[in-house]
Each structure stands twice: as C-alpha cells, then as structure tokens.
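Encoded as structure tokens, the structure appears first; notes follow it.
The values are calculated or read from the model by the stated rules, or taken from the named source; none is laboratory data. Just so you know, these numbers come straight off a predicted model, no measurement behind them. FYI the Cβ positions are ideal-geometry reconstructions off the backbone, even for glycines, and counts take in every protein chain you see. When the accessible area is computed, the model is the full protein with side chains, heavy atoms only, and any ligands, DNA or RNA have been set aside. Shrake-Rupley method; radii C 1.70, N 1.55, O 1.52, S 1.80 Å.
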Amino acid sequence: MPSGHFGKFGGRFVPEMLIPALEELEVAYESSKKDPEFKKEFLDLLKNFCGRPTPLVFAKNLTEKLGGAKIYLKNEGLNHTGAHKITHCIGQGLLAKRMGKKRIIAETGAGQHGLACATVAAKFGMECVVYMGETDIARQRPNVFWMEQLGAKVVPVEYGNKTLKDAVNAALKDWIENVSDSYYLLGSVVGPHPYPTMTRDFQKIVGEEIQNQLKGAEKKLPDYVVACVGGGSNAMGAFNNFLPLKQVRLIGVEAGGRGTKKGDNAVRFKGGSVGVVEGFKSYFLQDEDGQVMNTHSVSAGLDYAGIGPELAFLKEEGRIEFESVTDKEALDAFKTLASFEGIIPALESAHAMAYALKLAPKLSKKEVIVVNLSGRGDKDLFIVAEAFKDKNFYSFLKDFLKNE
Amino acid sequence: MNNISLRLDKLKIEKKLGFMTHVVVGYPDLAGTEKLVLMMDKLGIDFIELQIPFSDPLADGPTIMKACEDSLRSGTKVKDAFDLARKLSPKISAPLLFMAYYNTVFKYGTEKFCKDAKASGIYGLIVPDMPIEENQSEGFFEACEKNGLIHIHVISPASNKKRLLINKKVARGFIYVTARQGITDAKKGLDPKITQYLKEVKSVFDIPLAVGFGISSRERVNMIKEYADIAVVGSAVLDIINENPKDYLKKVESFLEELKK
Ligand SMILES: Cc1ncc(COP(=O)(O)O)c(C=O)c1O
C-alpha cells in the first residue's frame, strides 16, 4: 500500500501545485519523528504549556444512577484552550518552526481548532490567519473574539454552506498561493496525506494515557472507548492505542442533528458514500452527482460532510463501530453530565456522553466504558443558553447591549 | 486521430498561437453556455473547456467558484454537461474538453464517465485534483486512453524539476501551465518571472504548452506568446458575463476578438 492510504481510502488528491509542498511536509514530518529533541520539546510543551496528562475520572454518580457499566471520563477539556485540538497544534506548530515557516494558516469549525492555532502561533511568534465559515462565526463569536485577542486574523468564508468544509477550501487556496512561507495547520485527521497520519500520531498520546490511567484505577483494559467524530482527531487519538487490542470495543459517535432527513444531520456512515473531496478519499455526505451536501449539527465541530480516511477504513474493517445521537440527546446529556458529575462538556463531547448513557445500563457492573470528553463547554455558552431558552441570560444580553 | 492532436498539428504548421477558452456548464444558464460556445467556435477558438460545476472546486478562485455555485443553485446536473456536449459537438469545429474535479468523475464511475464523454463528442479531460501518484489505484489515465480521450496535465511555478519530469512521462496532447502559483483569477497579475519559468518548462516538454491563469488582456497574451503555443482564457470571460448579465454575449465576443487580433 503506498503511504497515506488506508485500504482504498486516504491518498493525496490535490492539484499538482500542492504536491511539492505536501512532499516537503512529509519529509519534514518523517525526519521530526526520528529526532529525540523534537519529541522532547513536544512532550515538554504538552506537560508544561497544555497541562497533560489530562485526568481520567471515575463518574461515580452516573455509574450508580445507571446501574450498569463503570463510566470513566477522559477529561480532555482540561487541556489549555479547552479541548484536545491543542495537542496536534503544538505538534504541527513545532513542525512549522522546524521547516522555517513564518505564517500559519488554519480552518476552523467550532473555533476550537482556530483558537488552538492562534495560541500556538502566539507562543511560537508566528503570524496566524484563520478561515471560518460565516455561519460558524455567527454561532461561535466567543472563540472568534479570543482568536483575535491572541493576535490571529479571522477571515469569514462567504461561499458554499459557509461552514467547516468551505473554511478548509479557503485555507487550502491560501496555502496554494503562499506555499513558500506558510504552513497549513489542518485541524483534524482529514485532508491529503500526510495530515491524517500526522494528526493521529500527535493525538495518540490520549489513548496511551487512558490505558495507563485505567490500569492504575481498575487494573484492566477498557471494554468500550466512546468518542464523538467530526473529522475524527479526538476519536483517533483515543482509539489508536487500542486498535491492536481487539477485546476493546471502539465506538465513534456522529451528529444525528435534527433527524434523518437529508441535510438535517452529519451522519456520514448512513447517508454518505465514498468520494474524493478536499484532497482525500473517504465517506462524504453527497448527492448522486457527487456534490457535497449541507449538514447540520447543534455542535459546529461535528457539522462536517466528510470523515477521516482511516476511520472509514476501520469502519469497513469492522474495527470501529459507529452510532449517532441527535441534537436533543446531546443537549440532554450535557445537562446530565453537568448536574451529576460537575463537568460541563463541549456539545461535541456531549454526543459521546449521550451514547454512553444509553450503553451503560445494558452492560454488567464489571465492564468499563471510557468516554473521551474532547472539550469543555465554555465555548458553547450562547448555544446552550439559546437551546435551554434561558430568560435570565437573554436579559443579561439586553443589559449588556445598553452599555455599548 | 483525436481532434485535439489534429488541431495542435494545424497550429504548428500555421505557426499560430492557439486559443483555449473556458465556460462553466449552466452559467449564466444552459442556453447561455451553448450560445457562448457557438460564438467562440465561430471566432476560431481552437479548444473549448466545458467545466462541470462542482460544490468544492479546490483549484478555482472566486470568479469560477461563484459561477459553479450559481449553476448548481439553478439545478445543473452532471448529465446536463454530457447533453450539452452531445448537442454542440456536431455543430462546431473546435474540440471540446471537460474540465471536472475528480469526485465528479469518480462518482459517475471513472470508466463510464470516459466512455460517455467520448460518445458525447469530448476529446480531452482536465481533472486537476487527479495527480499521477493516485492514478495507480484509480486507473483514470488508462480509462481515458482506452476511450480515445486525452488527459491534460496541469503544472505550476511550484513544480520543481523532479515534478516536471514525472509529468513529462504521462502528459499527452499539451501541457497546461499556470502562469502563476495560485488559483484561477483573471484579476491577479502574472508571475514576474513568467518568461524564465516558461522557458524552463519548454525545455523539458516535447508537447505544446498551454498557458493560463490571469490571461485577461492583449498585453498579457504578448507577455507569454513567445513561449506558449496556446493561450488559455478562463476567469476573464466569466468576469465579463458576471458584470454584463444582459449583453454578455456581445461583450465576450469583442473581448475575444481583441485578444486574438
Ligand atoms: C471539543 C471538540 N470535540 C470534537 C471536535 C470534532 O473534531 P474531531 O472529530 O477531529 O475530534 C471538535 C472540533 O472542533 C471540538 O472542538
């Protein structure tokens, strides 16, 4: 199999003008992997800048309430900037520095990856341009504000359906025009080779930590690891270490949105089909002509028509199972987790939680589910306040506007 | 013999700079695309690209992207491109090419796409996001060749010597050279080092050079003509359509006449 392919998925389907840049990146990445200094600096930053390892906490109250499997929560939300994304941003930022690049380009959906990029760019003294769909800007203003505070330039993308895929297109175009001095910091295990492999490699520390931490707590492997799947970076991070350990069941949770109607969700493994978009072959939500369709999810980070090629491969191999939960189930899980365990999750992560809440009661008390909580919920303040129709929050906003 | 090759031979014998123009199927509407192609052929344009609109056109700038979006919004289907080619090809002498993104080809079925394209009077395919390395598993070039279609390769100022040589091995018909490292956009200037770069490309390839991206005036045609065999005019035509929704046909016609002078 040529590098960058996962079975029939993956690859590097880009215009010739990007091939030299991707080759340069691949060479730099391969050489960094062999460099102990690189690894040392990466791990040092993860520990001292990001706060790794993130805790694995036993969800005692939920476990007792549901009366089934033991639930453990991998709290990736305690990472600096609030989500797992900072991990691969540190890795790729170090690579950009190693390659002598001065400018970082990024796309963002929820704003979480953009925020992490802006943070890394500030830390490493680089310029940062973040592309973000107009629809996402409208629903994730707090992250836009923070990116700007960190010195990044946030560029609204006004075409397509104005969400993540359009931001990826815009960022790739910027990169095509500025390959010599710019580094494209792609935010998930998607895109052309070597991104899916590289991003997974930086994220795999999450699964390694889970295995170690659970060994300490339960002296066993997890029976289930559950993670939400947008592009798939937090899921691949949590799953990678367990891939050879067949007794561990791996479950990816997609965004069921408002329901099963076309355009109302982002469930690639029911509504989607194989295609080649944004430089890689995988499952995409597309029509019979191959036009990429609109998607919907209450969580911007899962609102994406494509899915990482390795996940597509592992799904076909039967190694990873996929489920979906609706907007409403995710919002309910958000509330449940907050009130029973004192953790406010990102809405993306609430999808993984929602599935675990359904799964746990069906299992025995001896079994263990690890839920990867990819992020914390601070960024979703406005969406959650709107979803719960919180009157006091609205009157606060009205008063806030009076101060303008 | 493929009509693209015949036309290339003719240009060589006549020692004339060839012209390739570009339209987006269904922009401003299907009837308009048809009229544009007939007019271009009448003006003696040598090759005409029919771009099949795609939702995520990676290599295209704002002008073509907007045209694709408008066309898709008004309901253009991939089938319409084949129907249009079938309707136009018997009426014109310029060979038609499809420009498409690989997902369009793949989703249609690579083999079937090539077969139906040939049957509709198409002579060549330009699929910019189908690089040589991926062909091994996709078999796209073979499907083209089996059906008598020429697959046109696109290179750019970022293509180093190694890439040029790799492309040389598989390139057929003519090589499409972008005059700028970037996406399609008529408003942007040419690379200042354009002539030096074209000279290098010319020294590598034995087949003719088609130079595009930013060719929007007689002056820019003059800048490239010493090293180019074909000038490609893409976004500039769409810009005119965009700015003159009522009388775009006349405006495009006089623009192309002026370029060809
Ligand atoms: C907190 C959080 N979780 C999950 C995701 C989804 O991305 P991925 O599937 O790559 O982990 C995002 C994306 O922005 C996110 O912010």
Report task. Can you work out the PRE-style zone for A:Asp399? Point 7 Å along Cα to Cβ, and I want the residues of the stretch A:378-392 with backbone N under 14 Å. Result -> A:391-392
Query raised in the report: Of the listed peptides A:364-370, A:34-40, what is their order by residue-averaged count of other C-beta atoms within 10 Å, with the highest listed first?
Result: A:364-370, A:34-40
Query raised in the report: Could you give me the ³J(HN,Hα) list for the stretch A:19-28, computed from phi with Karplus coefficients 6.51, -1.76, 1.60 and θ = phi - 60°, whole Hz, x at Gly and Pro?
Result: 4, x, 5, 5, 5, 4, 5, 4, 5, 4
Requested in this report: Starting from the Cα of A:Lys328, draw a straight line to each of the aspartates and glutamates and keep only those under 18 Å, dropping any in the same chain fewer than 8 residues away.
Outcome: A:Glu254, A:Asp264, A:Asp303, A:Glu348, A:Asp380, A:Glu386, A:Asp390
Query raised in the report: Treating the beta-carbon of each Lys and Arg as +1 and of each Asp and Glu as -1, no other charges, what is the dipole magnitude of the protein assembly as shown about its Cα centre, to the nearest 20 debye?
Result: 680
Query raised in the report: Each label point is 7 Å from the Cα along the Cα-to-Cβ direction; what then is the distance between the points at B:Glu219 and A:Ser364, in nm?
Result: 8.2
Requested in this report: Just need the Rg to Rh number for the stretch B:3-260, please, alpha carbons only, Kirkwood Rh.
Outcome: 0.93
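With a/c under 1.5 counting as rounded, go ahead and sort chain A into rounded, prolate or oblate using the C-alpha gyration tensor (a ≥ b ≥ c being the square roots of the eigenvalues; past the cut-off, prolate if a/b is larger than b/c, else oblate).
Rounded, because the longest to shortest axis ratio a/c is under 1.5.
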Report summary line: Of every hundred units of 1.4 Å-probe accessible area on the stretch B:3-260, the number belonging to carbon and sulfur atoms, as a percent, is 53
Requested in this report: Would you mind pulling out the separation of the Cα centroids of the stretch B:143-166 and the stretch B:224-261, in Å?
Outcome: 25
**Report entry** A:Met293-A:Glu37 FRET efficiency (beta carbon distance; Förster radius 41 Å; 0.05 resolution)
**Finding:** 0.35
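Once the other residues with Cβ under 12 Å from the Cβ of B:Glu257 are scored (Lys, Arg +1; Asp, Glu -1), what is the net sum?
Details: positive: B:Lys42, B:Arg218, B:Lys250, B:Lys251, B:Lys260, B:Lys261; negative: B:Glu253, B:Glu258.
That sum, taken over residues with Cβ under 12 Å, equals +4.
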Report task. Please give the solvent-accessible surface of A:Lys123 in Å², to the nearest 10, using a probe radius of 1.4 Å with every protein chain present. Result -> 110
Report summary line: With the full set of protein chains present, the residues of the stretch B:152-182 whose 1.4 Å probe accessible area falls by 50 Å² or more relative to the chain alone are B:Arg163, B:Gln181
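Run lengths n ≥ 4 of DSSP H only: what is the helix-derived mean residue ellipticity at 222 nm for chain A, with -39500 (n - 2.57) per run over all residues, to the nearest 500?
-13000 deg cm²/dmol, from helical runs alone.
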Query raised in the report: What lysines sit close enough to A:Lys8 to cross-link, taking a C-alpha to C-alpha distance under 17 Å and skipping anything fewer than 8 places away on the same chain?
Result: A:Lys281, A:Lys315, B:Lys107
Requested in this report: Straight distance only, please: which lysines reach the Cα of A:Lys85 with their own Cα at less than 19 Å, same-chain residues fewer than 8 apart left out?
Outcome: A:Lys39, A:Lys47, A:Lys74, A:Lys97, A:Lys123, A:Lys153, A:Lys165, A:Lys204, A:Lys379
Report summary line: Inter-chain shielding metric for A:317-326, i.e. average beta-carbon neighbours from other chains within 10 angstrom, reads 0
Report task. Find how many whole Å separate the alpha carbon centroid of the stretch A:271-292 from the alpha carbon centroid of the stretch A:1-72. Result -> 24
**Report entry** Ranked by how many other beta carbons lie within 10 Å on average, peptides B:88-100, B:161-173, A:195-207 from highest
**Finding:** A:195-207, B:88-100, B:161-173
Report summary line: Stretched fully, the stretch from B:Glu142 through B:Val204 gains (0.36 nm per residue minus C-alpha distance, one decimal, in nm) 20.0 nm
Requested in this report: Provide the per residue accessible area, probe 1.4 Å, for the stretch B:195-256, rounded to a whole number of square angstrom.
Outcome: 45
